[in-house]
Structure formats: structure tokens, C-alpha cells
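> One structure, as C-alpha cells, below. Some questions next.
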Amino acid sequence: MEKTYSPGLDGVIATETQLSFLDTVNSQIILRGYDLIDLSKENVYLDIVHLLLNGTLPTNEARKALEDDLKQKYVIPQAIIKIFKLLPKNTHPMDGLRTGISALAGYDEHIDDRSAERNMERAHTLLGAVPTIVAASYRVLQGQDVVQPDQRLSYSGNFFYMITGNKPTPVQEKIFDQSLLLYSEHEMPNSTFAARVIASTQADLYGALTGAVASLKGNLHGGANEAVMYMLLAGKDVTGFEKLLYEKLANKEKIMGFGHRVYMKKMDPRALIMKEALKVLCEEKGDDLLYRMCVAGEAIMEKEKGLYPNLDYYAAPVYYLLGLPIEIYTPIFFSARTVGLCAHVVEQHDNNRLFRPRVNYVGERQ
Ligand SMILES: CC(=O)SCCNC(=O)CCNC(=O)[C@H](O)C(C)(C)COP(=O)(O)OP(=O)(O)OC[C@H]1O[C@@H](n2cnc3c(N)ncnc32)[C@H](O)[C@@H]1OP(=O)(O)O
Ligand SMILES: O=C([O-])CC(=O)C(=O)O
């Protein structure tokens, strides 16, 4: 049989899924039948968690029960905090996160049980623990004290608090929660593919997510949000940012936060929501410099390359104005994506076939 080769697996269908689909024609991100963009206007992150793991949007009671359950799982083993203390201080928070998730596997007494029930329990354990791992590994590596979780806060409010040590204002909490919702699930990005490939050997959820962290760190993927912020800071103001972008384009460099394998010639619909959030935060601050810089960058990229922003382009300045440390932007993305990854691994284990593609051999033969 003739086999086709598509570099980067562009356009290749890797799996069947009931979880999500990017409908680029209608600029919709379908999650179990609902449009994530619609949901981002009325719903909260935990609704998406319920939708992805249970198949339905929660009632108020079900949302509360979910949140109460996750709250019981916030505290991570003290030994994992000790491991963070042993890491070299220049360890990137994504590598701290990868180490923390990997270490959780040892605490699972049923590690060899891949049933949907056990995987669902593990998903809850991870959803409770990952924000704590993100915040604690970052703070330990910075030489700061770990902020203990505060169960009186909402799930997102507590995550924000554990990172910054400050309780968010209602506006900060709403926008932070919305960003988590937008990052929660996105069909078949590199990290989700990596997780499903790993899970397809019957490897466990922790292993699959550990691999996904490694994938998400790269700046062609999740690492772009951090890179966007460094680029904006290097630009300093609108003129400086425009000059920087023209220089990068002249050097044939990739501009972080633009382009997308699936959307490429269209705006990522999630970016629009974060663009609106950026406007709100700028208005609140009484300083719209970051907004004007981003809009100027968007215009240059459209004119010069016909490329549009992806979510990372607008999430980065939003996180900056929320007062979040730059090195933690990608770990936050991962934390939000934990639910999507868990749902994909559950689905993979439930209906598994080992991923094992072939190659076009172009080497020599004796
Ligand atoms: C939430 C997320 O993870 S979204 C992704 C975040 N990543 C980024 O923002 C990194 C910047 N963007 C990119 O590198 C790419 O657009 C990717 C990796 C996202 C998609 O890559 P691919 O689908 O493989 O497209 P590819 O890299 O082949 O680009 C196609 C063409 O567009 C150009 N291009 C794509 N993105 C960019 C960009 N950001 N800046 C400049 N040129 C770009 C490429 O140079 C290439 O041009 P050519 O055909 O003249 O060589
Ligand atoms: O879909 C992709 O390739 C990358 C992305 O936007 C995401 O993971 O949110």
C-alpha cells in the first residue's frame, strides 16, 4: 500500500475523539458539543473540568461538589517540596513541574490499574495537586516560602494566591479563571499527542503528563507565552516594539505568539477573548501601553506575513498585568491543560491501539 508522508504530521488524523474539535470555518472550539468561546463568556474553569471529565456541564451543586473534592487534594507530599529544594536554583519552573508530576506517581497505590474509574480518581488528584506543584516549585526555586493553599478561596483564586501570596481582586480572579478556561483543552496539540502516544503503551497518567510537560515547554508550543512577554518588554514602547518586530522579520526569525498549525491564516478565537481582557486590565490600571503595543504588533504581522495572534500573544500581557511572574506563564498553561490531557489519556486507555507509525527510509543501504 502507498504510504503518504506529511512533515510534522500536518493534516493527519491521529485519533477519533469525543472531547474536542477545532472548527476553523465557524471559528469555534467544540468541547463535547459546546463552543469553548461561548462558554468563556458565562462559565467558569471548573465547568469545563466537569464537562471534559463527566460529559456534561455541572449544576451548581455538582460544581460545588467538584470544587470541594479538589480542595481535599491541594496538599502535596512534603517529600516533593524537599525534592524542589534539592533542584539547582536555575531550574526552569517547567522542569520543576515536570519533576513534581513525575514524583506523584510513587504515591499512587493502584498505579498499575488503568481502569476509567482509577484514571478519573487520578485526574482529580492531579487537578488538585498541579496548581500547588506549579506554585510551590516556583517559589522554592526563587528561595521564597511556599504559600499554603487557602480552602476559603475558589479553585482559581487559590491558584493565584499560592503563586503570588496575594488574594486576587474579583476582576483579577475572573480574568485569571477565564484564561484557565481558554487554555483547558484544544484538540490535538503536540503535548496532547505526546500524552496519547505515551498512554498508548499502557503507561500511566503521570508518565503521560510528564511527557506532556516536556512538550509544552518548547516555544513553538506553550513556551511562547513567556517568550512573548520578554519580547514586549524588550520593545519597551510602541515604536520600539514595531522596530523589534521588523528586525526579527528581516532576520527571518519566528515571531512568538503568531501563527498556528490549525488557524495559521485566521485569528485564534481564544486570543480575541484575552485581547478584551487586556483592555479591561489596561483601563483599570489607567495605562494602555501594553494594549497599544500588542495592537501595533498585530497590524505589522497581518500586513507583512498575513499571520494572526494565537492565545499566547494576548495571554502573556494579561498575566503580566495580573502581576504573575513571567517564568510561570507556561506552567500556568499546563495547569489549565491538565484536565484536557487527563480526559485524552482516559479516552486513549479506554479505546487503545499502540501508536507506532513507519518511516520513509532515505538513508543508505549496503
Ligand atoms: C497556545 C499555543 O501553543 S499556540 C502556538 C504558540 N507558538 C508560537 O507562537 C510560536 C510562533 N509560531 C510558530 O512557530 C508557528 O506558527 C507554529 C509552530 C505555531 C505552527 O507551525 P507550522 O504549522 O509548522 O508552520 P511553519 O512553521 O511551517 O510556518 C509556515 C510559514 O509561516 C511562517 N511562520 C509561521 N509562524 C510564524 C511566525 N510566528 N513568525 C514568522 N513567520 C511565521 C513560517 O516561517 C513559514 O514560512 P515559509 O513557508 O515561508 O517558510
Ligand atoms: O493547538 C495547538 O497546536 C497549540 C495550542 O493552541 C494549544 O495547545 O492550545
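The values are calculated or read from the model by the stated rules, or taken from the named source; none is laboratory data. Note that the coordinates shown come from a computational prediction; the quantities given were computed from them, not determined experimentally. Positions of Cβ are backbone-derived with ideal geometry, glycine not excepted, and every protein chain shown enters the neighbour counts.
> Tally the residues that are in a loop (DSSP other than H, G, I, E, B), of a type in the set (S, T, N, Q) and near ligand 2 (Cβ under 7 Å from one of its atoms), restricting the search to the stretch 181-195.
0
> If you don't mind, another one. Out of the residues in the stretch 260-309 meeting the condition of being hydroxyl-bearing (S, T, Y) and within 12 Å of ligand 1 (Cβ to nearest atom), tell me which one is farthest from L36 (Cα to Cα).
Among those residues, the one meeting the criterion is Y308.
> Within the stretch 299-322, count every residue that is crowded, with 21+ Cβ neighbours inside 10 Å and closer than 16 Å to V238 by Cα.
3
> Still on this structure: Which of (1) surrounded by fewer than 21 Cβ atoms within 10 Å (Cβ to Cβ); (2) small (G, A, S); (3) within 16 Å of ligand 1 (Cβ to nearest atom); (4) in a loop (DSSP other than H, G, I, E, B) does A214 not meet, given it meets every other one?
So the condition that A214 fails would be (4).
> In the stretch 41-59, is there at least one residue being among the charged types (D, E, K, R) and outside any helix (DSSP H, G or I)? Steps first, please.
Step one: of the stretch 41-59, the residues among the charged types (D, E, K, R) are 41-42, 47.
Add one more test, that the residue is outside any helix (DSSP H, G or I), and what stays is none.
Looking through the stretch 41-59, none of the residues is among the charged types (D, E, K, R) and outside any helix (DSSP H, G or I).
> Continuing with the same structure: Using beta carbons and a limit of 6 Å, which pairs, at least six apart or on different chains, have the first residue in the stretch 1-27 and in the same structural domain as R196 (by TED's automatic domain parsing) and under 22 Å from S200 (Cα atoms) and the second one surrounded by 13 or more Cβ atoms within 10 Å (Cβ to Cβ) and of a type in the set (A, V, I, L, M)?
none
> How many residues are without any contact (Cβ under 8 Å) to a residue 60 or more places away in the chain and assigned to a loop (DSSP other than H, G, I, E, B) if we restrict to the stretch 151-167?
Step one: of the stretch 151-167, the residues without any contact (Cβ under 8 Å) to a residue 60 or more places away in the chain are 152-153, 157, 161-162, 165, 167.
Of the ones still in play, those that are also assigned to a loop (DSSP other than H, G, I, E, B) are 152-153, 165, 167.
Number of matching residues: 4.
> Give the residue, chosen from L36, L52, L126, L46, that is under 21 Å from T201 (Cβ atoms), surrounded by 16 or more Cβ atoms within 10 Å (Cβ to Cβ) and in contact (Cβ under 8 Å) with a residue 40 or more places away in the chain.
Exactly one of L36, L52, L126, L46 is under 21 Å from T201 (Cβ atoms), surrounded by 16 or more Cβ atoms within 10 Å (Cβ to Cβ) and in contact (Cβ under 8 Å) with a residue 40 or more places away in the chain, namely L126.
> Restricting the first residue to the stretch 175-190 and requiring it to be within 10 Å of Y45 (Cα to Cα), which pairs with a second residue that is of a type in the set (D, E, K, R) meet a Cβ separation below 6 Å and a spacing of at least six or different chains?
Listed by first residue and then by second, the contacts come to L182/R270; Y183/R337.
> Now, a different point. In this structure, is Y291 among the aromatic types (F, W, Y), over 24 Å from the mean Cα position of the chain (by Cα) and not assigned by TED's automatic domain parsing to the domain that holds L70?
Here the answer is no, as Y291 does not meet what is asked.
> Oh, and also: Only one residue in L233, L209 is surrounded by fewer than 24 Cβ atoms within 10 Å (Cβ to Cβ) and away from ligand 1 (no atom under 16 Å from the Cβ), so which one is that?
Values: L209 fails: surrounded by fewer than 24 Cβ atoms within 10 Å (Cβ to Cβ).
Of L233, L209, the one residue that is surrounded by fewer than 24 Cβ atoms within 10 Å (Cβ to Cβ) and away from ligand 1 (no atom under 16 Å from the Cβ) is L233.
> Here is a further query. What do you reckon, is K243 outside the structural domain of A194 (by TED's automatic domain parsing), away from ligand 1 (no atom under 12 Å from the Cβ) and part of a helix (DSSP H, G or I)?
yes
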